[in-house]
Every structure is written in C-alpha cells, then in structure tokens.
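Since the structure comes first, as structure tokens, the remarks are kept for the end.
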Amino acid sequence: MKLCPLCESEFDDSFVRCPHDNERLVQLPDKANDPLLGTVLNGRYRLEERIGEGGMGAVYRGVQEPVGRQVAIKVLRPELASDREAVRRFFNEARVVSKLRHPNTVTLYDFGQSDAGDLFIAMEFLSGRSLDRIMRSGELSLPEVLEVVDQVALSLEEAHSHGIIHRDLKPDNVFIDRVGNGNLVKVLDFGIAKVNEPDGGTSRELTQAGVVYGTPEYLSPEQAQAHPLDQRSDLYSIGVVLWELLAGELPFQGPNAMAVLVKHAFEPTPDPNTMGVPLSEPMKEILRKALAKSREERFQSAEEFLAALDRCEFRLEQDSLATAAVKTTVWMPPDDFVEKSDRPRPPMPMPSSAPGETRVTQPSSTAGRRDVLTLIIVGCVLLLAMGVAFLVITSN
C-alpha cells in the first residue's frame, strides 16, 4: 500500500501520485514485517503494535518500561530524517504540546531520538475514536455536539493563552473517548501549530510567506490566503466543524483543494437556514458569527465562543425541562448498525419538531366548549365564596 503525505489517503501499489492532489505517494511498510515492532526506544518504550499511519510517520501502541504504562508513540519515517523541514515540523508538535496542561489536550510524555537514530514522540494512549469516524456513523445528538465543540474550545482557550494557533483543526484531529456517561474530548496533532510570541513576533518554525498550511476544507479566509493568523482563525475552523456536525456536510466544497480555498476566502458563507436542519436562533447566530469572513466580525476569543455555547446549552436544558413530562423519541444506532465511510455524511439525527417544541393534539370544538363552560361555573362559585367570606370578615 502507498500513502499520500498531503491528504493521507491510501492507495494500492499501482498508483504513483495521489489522484486528489497529485502529490507523490510513499510506500507504506508491511505491518507484519515492520522492523520496529518489538524494539525498545531508549530503553523505555517498547513498540507492540502499529495502530496508525500519517504523512510524517507511523503511530504505535507501546508500553513505557518499567512502569507498564500504555503510550502512543509517533516515529518519523526514516526517509524524512534527513529533511530539515520535516524534522522541524515533527518536533514542533512536541515543543508546542509540552506547554499545555489542559485535560482536553493530548498529553506529551517524552520525545527524542533513539540509539538507532529513530526520531519519536511519546504521548498518552487514547482508546476511543476520532470525531471524523463518529461523524460518519451519525451517532451524535444535539447535546453531544455542543458538548464536543465546547471541550474543543476549552482546549483552544488554553492554547491561545500561550499564543499557540493550532492551524489544523478538523474532525480527524479531535479524539473522543467514553468516560462514564459522558464524552472526554482530546485535541490532537499540533504538528503545524504556530506560536505568536509575546513581543508580537511569530516563531520561525513552519512559517513561510505565501505558504498555506492546514486542511483546505477547514481553513479560515485569512489562512487560505496565507495571511498572518491569530486565535480567530482557529475559531473559524471550529465553526466549520460545528456546521459539518449539524448539517452532515461541509459549508464549502469543490472539485479540488484550490477551489475550496477560493470559496473560503471570497464566497459568502451559506445561510444556516438552508441547512435543512431545525436549529434555534442562538445556534444559527453562533454559526453566522463563527464563519464570518471578516475576523473582526467573528468571536474574538475562545472565551467569547464558549459563552455563546453556554447560552445555547442553557436554552436547550430549559427546553428539555419544559417538555420533561412529554415522551419523546430518542435516536439510537441499532445493534446491527454498520459504519459507512462514504461522504456525504448523514445529517445529525434530529427530533421531528424543533428543539423545545412539543406537538400537542388539539381538542375537538365540542370538548373545548365543555371545558370553557366548566371553567365559568367554577369561577362563579369561587367568586361567590369570596364574596361571602368578605361579608363575614367585614361584619365581624
């Protein structure tokens, strides 16, 4: 099998270049004959299973000896070890993540070079699934969508406080694990993150004039044009992810990467009313503001974005309390549900009526008149009783 380093799609050995972006493919090592399996890096990390592939290298499930802790270990491809740009990008993730401590951000344990010359990064091992895979099966309800986006924004809030711009937020870089009755969200892959220095400068790593970094479908207008970036670029990317979670498709699509970049940069953002999904006005406003072309019109910080989400969640909770006595139908995947990987992804399952609405069967006109007459009689009796009581009190 071969891999495209740019879009990370896999193809059989008959392909030379990626049919999507014309990038030259690289040969993937045979898992069964992987020479790294069973080896111990720096006397601490035993590689037990190859669990993933990427343009930069392979990811292994390993064990940290002698404590026995499971870890995820990224190893740079040997053919890229002499590529200074590839090495900088590889260790850029370690340098960036080492500054972060938020529970919604993947945890870094170690990084370095083995005695055999292999460059590696050791991180916490996650046993859930990527948001990309979960989206393909349509398993998230509206409250879960808000919960996931909320936790992503919390991760970014800390990163932005350190001047770190992720630059590649997308469902494939968001990991979700079930913890108790809830979801624990982790933001991954800070490999192309940019650090804005306190003095107003930027880190030199992975910052070149005129070069666009990131995944085209999720880039902000300024990122698509290779303009200087700040935290508002990441917030636009969250808006794209939120749109995709709700609608089951991306707001901007095209036949190739350049067409998508042009749409993000210059084409008006679609109206949330055209999504075909019943949304509350606060949710529509979040989408409009997050995806504004001008960064001055967007959320200015992750904190502001979180506040808008909180208001939306509060309204959803109030609607749920108001209809708590009404039996509703909740979508759940059947036991024989088979995950599909083809786009377009299914829209998020929604109730038959808009959030907060309750369908009520109207009574017949005869029954209605009967109820009104009963109320009038009861009212007259109450008024008469109150009058008698008043007379008794005043006479006393």
What strands (runs of 3 or more DSSP E) completely inside the range 116-196 contain at least 2 residues that are surrounded by fewer than 23 Cβ atoms within 10 Å (Cβ to Cβ) and of a type outside the set (A, V, I, L, M)? 174-179, 182-187
Working only within the range 256-288, note down all residues that are modelled with pLDDT of 95 or more and of a type in the set (Val, Ile, Thr). Val260, Val262, Ile286
How do the pairs read when you match residues in the range 230-243 that are of a type in the set (Asp, Glu) with residues anywhere that are surrounded by 24 or more Cβ atoms within 10 Å (Cβ to Cβ), using Cβ under 7 Å and keeping only pairs 6 or more apart or on different chains? Asp230/Ile165; Asp234/Leu156; Asp234/Ile165; Asp234/His166; Asp234/Leu169
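Any residue at all in the range 343-355 that's modelled with pLDDT of 50 or more and in contact with a helix residue (DSSP H, G or I) (Cβ under 7 Å, 6 or more places away or on another chain)? Break it down into steps so the answer makes sense when it comes.
Step one: filter the range 343-355 for residues modelled with pLDDT of 50 or more, giving none.
There is no residue in the range 343-355 that is modelled with pLDDT of 50 or more and in contact with a helix residue (DSSP H, G or I) (Cβ under 7 Å, 6 or more places away or on another chain).
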For the range 116-143, enumerate the residues that are acidic (Asp, Glu) and modelled with pLDDT of 90 or more. Asp118, Glu124, Asp132
Enumeration of residues in the range 21-38 that are part of a loop (DSSP other than H, G, I, E, B) and modelled with pLDDT of 75 or more: Asn22, Glu23, Leu25, Asp34, Pro35, Leu36, Leu37, Gly38
Set Val211, Val187, Val174, Val195: member being in contact with a helix residue (DSSP H, G or I) (Cβ under 8 Å, 6 or more places away or on another chain) and at pLDDT below 95: Val195
For the range 11-20, indicate whether the set of residues that are modelled with pLDDT of 85 or more, at negative phi and not in a loop (DSSP other than H, G, I, E, B) is non-empty. yes
What residue, among those in the range 226-245 that are more than 13 Å from Gly214 (Cβ to Cβ) and surrounded by fewer than 21 Cβ atoms within 10 Å (Cβ to Cβ), is modelled with the lowest pLDDT? Pro228
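When you look at Val71, is it farther than 18 Å from Phe175 by Cα, within 31 Å of the chain's Cα centre (by Cα), assigned to a strand (DSSP E or B) and not basic (Lys, Arg), yes or no?
Working: farther than 18 Å from Phe175 by Cα: no; within 31 Å of the chain's Cα centre (by Cα): yes; assigned to a strand (DSSP E or B): yes; not basic (Lys, Arg): yes.
For Val71, the condition - farther than 18 Å from Phe175 by Cα, within 31 Å of the chain's Cα centre (by Cα), assigned to a strand (DSSP E or B) and not basic (Lys, Arg) - is not met.
Applying the selection to the range 39-68, what residues are assigned to a loop (DSSP other than H, G, I, E, B) and over 26 Å from Phe11 (Cβ atoms)? Please lay out each step first, then the result.
We begin by selecting, within the range 39-68, every residue assigned to a loop (DSSP other than H, G, I, E, B); these are 39, 42-44, 54-56, 65-68.
Matches in the range 39-68: Thr39, Asn42, Gly43, Arg44, Glu65, Pro66, Val67, Gly68.
Here is a list: Phe299, Phe305. Which entry is assigned to a helix (DSSP H, G or I), modelled with pLDDT of 95 or more and assigned by TED's automatic domain parsing to the domain that holds Pro143? Explain how you work it out, then say what you get.
Details: Phe299 fails: assigned to a helix (DSSP H, G or I).
Only one candidate qualifies: Phe305.
Yes/no per residue for (1) within 30 Å of Val195 (Cα to Cα); (2) surrounded by 14 or more Cβ atoms within 10 Å (Cβ to Cβ); (3) of a type in the set (Lys, Arg); (4) over 24 Å from the mean Cα position of the chain (by Cα):
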position: Val16; (1), (2), (3), (4): no, no, no, yes
position: Gly43; (1), (2), (3), (4): no, no, no, yes
position: Arg50; (1), (2), (3), (4): no, yes, yes, yes
position: Val63; (1), (2), (3), (4): no, yes, no, yes
position: Arg77; (1), (2), (3), (4): yes, yes, yes, yes
position: Leu80; (1), (2), (3), (4): yes, yes, no, yes
position: Arg84; (1), (2), (3), (4): yes, no, yes, yes
position: Arg89; (1), (2), (3), (4): yes, yes, yes, no
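Does Gly54 count as at pLDDT 80 or above and not assigned by TED's automatic domain parsing to the domain that holds Leu188?
Details: at pLDDT 80 or above: no; not assigned by TED's automatic domain parsing to the domain that holds Leu188: yes.
Answer is no for this residue.
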Do you know which residues across the range 255-296 are part of a loop (DSSP other than H, G, I, E, B) and over 20 Å from Leu146 (Cα atoms)? Pro255, Asn256, Glu267, Pro268, Thr269, Pro270, Lys293, Ser294
Yes/no for Leu108 being within 24 Å of the chain's Cα centre (by Cα), without any contact (Cβ under 8 Å) to a residue 24 or more places away in the chain and outside the structural domain of Met283 (by TED's automatic domain parsing): yes
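The values are calculated or read from the model by the stated rules, or taken from the named source; none is laboratory data. Please read these numbers as outputs of a predicted model, since none were measured by experiment. Quick reminder, even Gly has a Cβ in these numbers, built from the backbone with ideal geometry, and neighbours come from all protein chains shown.
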